[in-house]
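I have placed the structure first, in the form of structure tokens, so that the comments after it can refer back to it.
Only the coordinates and a few stated rules stand behind these numbers; no lab work does. Note that the coordinates shown come from a computational prediction; the quantities given were computed from them, not determined experimentally. Using ideal geometry, Cβ is built from the backbone for each residue, glycine included, and neighbour counts are taken over all protein chains shown.
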Amino acid sequence: MPSRREFLYAAAALTAGRASAETPDIEEATLTDLQAGLTTGRFTSVALVEQYFARMADIDRKINSVIEKNPDAHAIADSLDRERKQKGPRSPLHGLPILIKDNIDTADKMMTTAGSLALAGSPAPKDAALVTRLRDAGAILLGKTNLSEWANYRSSHSTSGWSGRGGQTRNPYCLDRNASGSSSGSGAAVAASLCAAAVGTETDGSVVSPSSMCGLVGIKPTIGMIPGAGIIPISHRQDTAGPMARTVTDAALLLGALAGVGYGQALHSNGLKGARIGVARQLFGFNDHVDKMMGDVLDTLSKLGAELVDPVNIATFSKLSDMENEAMSWEFKNDLNAYLAARGGAMLTLADLISFNEKNRAREMPYFDQDLFIKAEARGPLSTKVYRDLESKLSHASKGDGIDKVMIDHKLDAMVCPTDSPAWPIDYVLGDHQVATGSTPAAIAGYPHVTVPAFQVYGLPVGLSFFGSPRTEVKLIRYAYAFEQATNARKPPQYLSTVKF
């Protein structure tokens, strides 16, 4: 047993060590920056959690991106600090604070609600599979992010970033503009440095679109690379989680933890040299400012050694959206009912949710209704021939007759396009003003899509998309990294009240 003198000496040494530790500078800090500080002992994971919570208190009152903080975050950080000293780090994410979207199950003190009051107070019975991977990697779940309620599948006239439980998320670059959806909270929070990186989910555009509009790197991986169990669903064909971060390196690190595969080999600054890239002109033409800036982007790709094939066209493109919308209407009811039944609680079916919303119309439907819910409720089982025929046609149109054909015919490594329009104003009268998106072909096919900051239009970020064949994440990350390193296009948000023309 230590003597009183030895005890006092140890206590003094501990106090001195704490006094000499730095307060971590988290604004714009990368995962690599933070891991380096933890490795050298300049600060602790506990200090990181404290700083991120303090920044939330200061910044999130402007953007409303975090729907719930993890009450156990400090204790988890303290445990991981002790583990680091005793055994070393588990992975590059050990002790780093991550936010996840509020449609990803966590079996802890946080709720999983998809932004709906209908699921509030009813915890998920177990962690989503991807959450288990994050915890195993030593990541700290700092909290849950707000989202477009039900991942933006409740109304065809919705306002992205709004949920009954969380309210309205705002774009950090311009506070009267939308952060896009449905992973609006994840996008806004990462842009504002409220976490080291975040996890969003996508069915069609919900990772890459908010990443584009919030000046981030977003990766929508090939369907099946990240396990989907424990994510509140829309469509089993198209749903996937994906990382959202301020740099390609950070997004690749987080994807590695989520998918169980490393992507370090993709991070080469000359990665575009010799790449044969198709210019998907069908996904241009929605904004003169974007088209003009994309001309400069394409010049940059050429200067970095890419061989551009311009234009390339997806012959089936005009047919995709209508078939996608029809298929998702069938899938949503069946997939959601299966999820709710397994979860248990008061809400067991889509019909229960429709009834809840009607009874709580003032809180749940003050701005837009639930026409997509009602349409989906009228659908039959997925064994119905009408659905099976539709699913088969959609698969052929998006894959064999779609992206696959273009990639093979033109011998392409990837395709490029602008990811999305600049952010539109938040509007509760007319709903979203989204005029175009580059997400749809890869989303329907279930193929990978990476967006990287490319430029700004009147201070509003726009991303460059790389997409292509399945399981080509390494290629796409390589191209995005080379572009990022050559351009350094990302600029931190300024939290402007409105756009300066």
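Some observations on this one:
- In this structure, Glu22 and Lys411 have a Cβ-Cβ separation that, at R0 = 41 Å, corresponds to a calculated FRET efficiency of about 0.20.
- When each of Thr113, Thr437 is scored by the number of other beta-carbon atoms lying within 10 Å, the sequence from fewest to most is Thr437, Thr113.
- Counting every C-alpha pair in segment 203-360, the share spaced more than 26 angstrom apart comes to 47%.
- Cα pair count fraction exceeding 26 Å, expressed as % - segment 287-443: 49 percent
- The equivalent ellipsoid that matches the C-alpha gyration tensor of segment 356-485 spans semi-axes of 33, 26, 11 angstrom, in descending order.
- With contributions of -39500 (n - 2.57) from each DSSP H run of at least four residues, the per-residue ellipticity at 222 nm computed over the chain stands at -12500 deg cm²/dmol.
- Cα gyration tensor category, rounded, prolate or oblate, for segment 95-195 with a/c compared to 1.5: oblate
- Taking N as its residue count, the alpha carbon Rg of segment 174-248 over 2.2 N^0.38 Å: 1.04
- Screening the chain for DSSP H helices whose Cα atoms reach 18 Å or more along their own axis and whose mean Kyte hydropathy is at least -0.5 gives 4-20, 45-63, 288-303, 473-487.
- Value of Rg/Rh across the chain [Cα atoms, Kirkwood radius]: 0.98
- Each peptide in 68-77, 418-427, 385-394, 174-183 receives the mean, over its residues, of other Cβ atoms within 10 Å, and ordering these scores from highest gives 174-183, 418-427, 68-77, 385-394.
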